[in-house]
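What follows is calculated from the coordinates using simple rules that are stated; it is not laboratory data. Here the structure is a predicted model, which is why all the values come from computation and not from measurement. Backbone-built Cβ (ideal geometry, glycine too); neighbour counts: all protein chains shown.
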C-alpha cells in the first residue's frame with residue numbers, strides 16, 4: 001500500500017518536472033528560407049518591341065536603386081535597345097511601402113517611351129522579387145515633371 | 001511511522017488529510033497543465049521570433065553579398081546572422097561561438113533536414129554542455145525574377161541561448177505553485193468544517209450509545225438532516241426503541257412469574273397448616289395407640305409428617321424469597337454484635353460441635369435475618385460437609401466478616417458458580433434432601449438487603465468456605 005502510494009507520488013513529481021521548462025526536441029520545419037543571393041542584376045531591355053531579360057554580371061543582386069540606375073545607363077554593346085533616354089544622372093530614389101515600390105526617376109515623362117516604362121517597372125519588380133519580396137508588389141513611377149502618380153501603380157506585363 | 005499511522009487513525013485527521021491530498025493533486029494538475037501550456041507558448045513564441053529575425057537579417061544582407069560566395073562574403077553573411085552562427089557554402093564554412101567548430105557542431109539530423117527542406121527554416125532544441133539552445137538552420141535560396149526558387153548551396157545555422165526562456169518558465173512555475181499553495185489553508189479550513197459536520201452527529205450517537213450501554217434505555221438522538229448519518233441515527237433510535245420494549249416485556253414476564261409463585265404459595269399456606277395439624281394428630285394417635293396397627297401404616301404416617309413439614313418450609317421459603325424480590329421484606333436494623341448472634345444461633349439449634357473463633361466489629365443489621373444466614377450456612381456445612389465445622393469472625397477495612405468452613409471435600413468447580421441459584425441441586429440423583437433448595441438464595445438476598453455479600457469458595461486444603469460480609473459502618477438503607 002505504502003509502496004504503491006510512494007510510487008504514484010514519484011511518478012507525479014517526475015511528470016511535473018519533465019513537463020515544465022524547455023526540453024530537447026525533434027527537428028521542426030517552419031518559415032520560408034531567406035533569399036537574396038544572385039550572381040548578377042536582372043535588367044530588362046528591348047529586342048525590337050519585346051522586353052528581354054539581361055543579367056548584368058555585377059557579382060551580387062544589389063538593390064532596386066542599383067538595378068534601375070544600371071538600366072538607365074543603357075544596354076551597352078549587347079545589341080539590345082532601350083526605351084529610356086540616356087541621362088548623365090542615374091540616381092533613383094526608391095521607397096518600399098507595403099505592396100508598393102515608389103521610384104523617383106531623374107527623368108521627365110517625355111524622356112521615356114511607353115515600352116521604357118515597362119522596362120523600368122519590370123526591372124524594379126524583378127529586383128524586389130529576387131530579394132525576397134512579394135511578386136504581387138506594384139510599382140509607382142514619379143517623373144521630374146509629374147510629382148505624384150495617382151492609381152494603384154503598375155505591374156510588369158511579363 | 002507508527003506515530004503517523006496512529007495520527008491517521010482519527011476520522012477528523014483522515015478527512016483533513018484526504019482534503020489536502022485532493023487539493024494538492026487538483027492544484028498540482030492545474031498548475032502542471034497551465035505551466036505546460038504557457039511554457040510551450042513561451043518557447044514557441046521565442047522560437048518564431050528568433051526565426052523571423054534570422055530570416056530578415058539574412059534577406060537584408062544577401063543582395064549585397066557577392067555570389068558565388070567568396071571567403072569574404074561568407075564572413076559577411078555570418079556577421080549578419082549574429083553571434084553563435086555558422087555559414088556553410090559547399091566545402092567552406094565559417095563559425096562563431098558555440099558553432100565555431102563548424103558543421104561538426106550541428107546535429108546531423110538538423111543538417112539533413114536543412115538540405116532536404118525545400119526552402120524552409122528548420123529548428124531544433126538541443127542541449128550543449130547542459131544548457132538549452134535553440135538551433136536554427138536554413139538554406140539561402142536563389143530566386144529568379146519570376147519568383148521561382150532554388151537552393152544556392154549556402155546554409156546558415158545559428159544557435160540561440162534558451163536560458164532566458166527557461167528562466168521565464170521557472171518563474172512561471174514558481175508563481176503558479178505559490179498560488180496553488182495559497183489554496184491549501186482554505187482546503188484545511190473546509191476540511192475542518194466538513195469534518196465537524198460529520199463528526200458532530202457521530203459524537204451525539206456515541207453519547208447515546210454510551211447511555212444505552214449504561215442502562216438508560218430511554219436515551220435517543222434527535223436525527224438532523226436526511227443524510228446517511230441521519231439514517232444511522234434513525235436506525236440506532238429504532239434499535240433502542242425495540243430494546244426498551246423487549247426489556248420492559250421481559251421485566252413484566254418476570255414480575256408475573258414471581259407474583260404467580262407468591263400467590264400460589266399464599267394459597268397453599270392455609271390448607272397446608274390444616275394438613276400439618278391433621279397429619280400430626282394422626283401420627284400421634286397411631287404412635288400412642290398400641291393397637292393392632294400395622295408397622296407399615298405407622299411408617300407411612302411418620303413419612304407424611306416429615307414431608308408435610310418439608311412442604312410447609314418450602315412454601316415459607318418461596319413466600320420469603322417472593323417478599324425479598326418484591327422489596328417488601330421488612331428490615332429491623334439495630335446495632336448487632338455478630339459474635340452474640342452466632343453463639344445464640346448455634347445454641348438455639350443445638351449445634352454444639354461447631355467451633356467459634358475470632359471477633360468482628362458491630363454491624364447495623366436485622367438480628368433475625370443475620371441469624372437466618374448463619375443458620376443456613378452452618379446447616380449446609382453440617383449437612384453436606386464433614387466436621388470440623390468452624391465459624392470464624394474477622395474484619396476487613398470496611399466489612400465485618402463471618403466465615404463458615406468445614407472439613408469436607410469442598411464444592412465441585414462446575415457447581416460453584418450455581419450454589420446461590422434457586423432450586424439448584426448439585427446432584428440430580430439426590431433430589432430428596434431435607435433442604436428446600438432456596439436456602440442459599442435466601443441467604444444471599446438477605447445479605448444484599450444489608451448491603452453485604454455471601455460468597456462461596458474452596459479452602460486450599462479442601463472443604464467449602466462460605467463468607468458473609470456485612471458493612472461494618474452503618475450504610476444508608478438499600479433500596480430493597
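Of note:
- A:66, B:325 arranged by Cβ crowding within 10 Å, fewest neighbours leading: B:325, A:66
- Beta bridges assigned by DSSP with both partners in the range A:41-142 are antiparallel in approximately 75 percent of cases.
- Annotation: Cα Rg of the range B:1-114 relative to the compact-globule expectation 2.2 N^0.38 Å equals 2.05.
- Label-point separation, residue B:269 to residue B:167 (7 Å along Cα→Cβ), nm: 11.1 nm
- Fewest-first sequence of A:128, B:384, B:266, B:450 by Cβ atoms within 10 Å of each Cβ: B:266, B:384, A:128, B:450
- Remark: B:367, B:245 ranked as B:245, B:367, counting other beta-carbon atoms within 10 Å and listing the fewest first.
- Extents of the range B:65-161, largest first, come to 46, 27, 20 Å (Cα atoms, principal axes, whole angstrom).
- Note on residue B:334 and residue B:118: the model spin-label points, each 7 Å out from Cα along the C-beta direction, lie 13.0 nm apart.
- Share of Cα-Cα pairs in the range B:334-471 lying beyond 27 Å, as whole percent: 14 percent
- Sequence-separation-based contact order of chain B, relative, with Cα cut under 8 Å and 6+ spacing, percent: 9 percent
- Beta bridges from DSSP with both residues in the protein assembly as shown: antiparallel share about 85 percent, rounded to the nearest 5.
- Using alpha-carbon coordinates, inclination of helix B:71-81 to the longest axis of chain B, degrees: 40 degrees
- Relative contact order of the range A:59-158, pairs being alpha-carbon contacts under 8 Å that are 6 or more residues apart, as %: 29 percent
- Taking the C-alpha atoms only, the angle from helix B:228-288 to the longest principal axis of chain B is near 10 degrees.
- Average projected area [Cα convex hull, the range B:229-326], square nanometres: 8.7 nm²
- Stretching residue B:305 away from residue B:241 to a fully extended chain increases their span by 17.7 nm, per 0.36 nm per residue minus the current alpha-carbon distance.
- With q set to 0.07, 0.09, 0.12 Å⁻¹, the log10 of I(q)/I(0) for chain B, from the Debye formula over equal scatterers at the Cα positions, is -0.68, -0.89, -1.10.
- Cα-based equivalent ellipsoid of the protein assembly as shown: semi-axis lengths in Å, sorted from largest, via gyration tensor: 133, 26, 20
- Percent antiparallel among DSSP beta bridges (both partners in chain B, rounded to 5): 90 percent
- Mean per-residue shielding of peptide A:52-62 is 3, counting Cβ atoms of other chains within 10 Å of each Cβ.
- For the range B:124-259, the spread of Cα positions along each principal axis, largest first, Å: 127, 32, 26
- Efficiency of FRET from Cβ geometry, residue B:37 and residue B:128, R₀ 30 Å, rounded to 0.05: 0.65
- Largest-first principal axis extents of the Cα set of the range A:47-158 (Å): 36, 32, 25
- Spacing of the modelled spin labels on residue B:312 and residue B:146, each 7 Å from Cα toward Cβ, amounts to 15.1 nm.
- Legend: mean number of C-beta atoms from other chains within 10 angstrom of residue C-beta atoms, peptide B:42-52, equals 2.
- Span from the the range B:87-163 Cα centroid across to the the range B:14-76 one, whole angstrom: 18 Å
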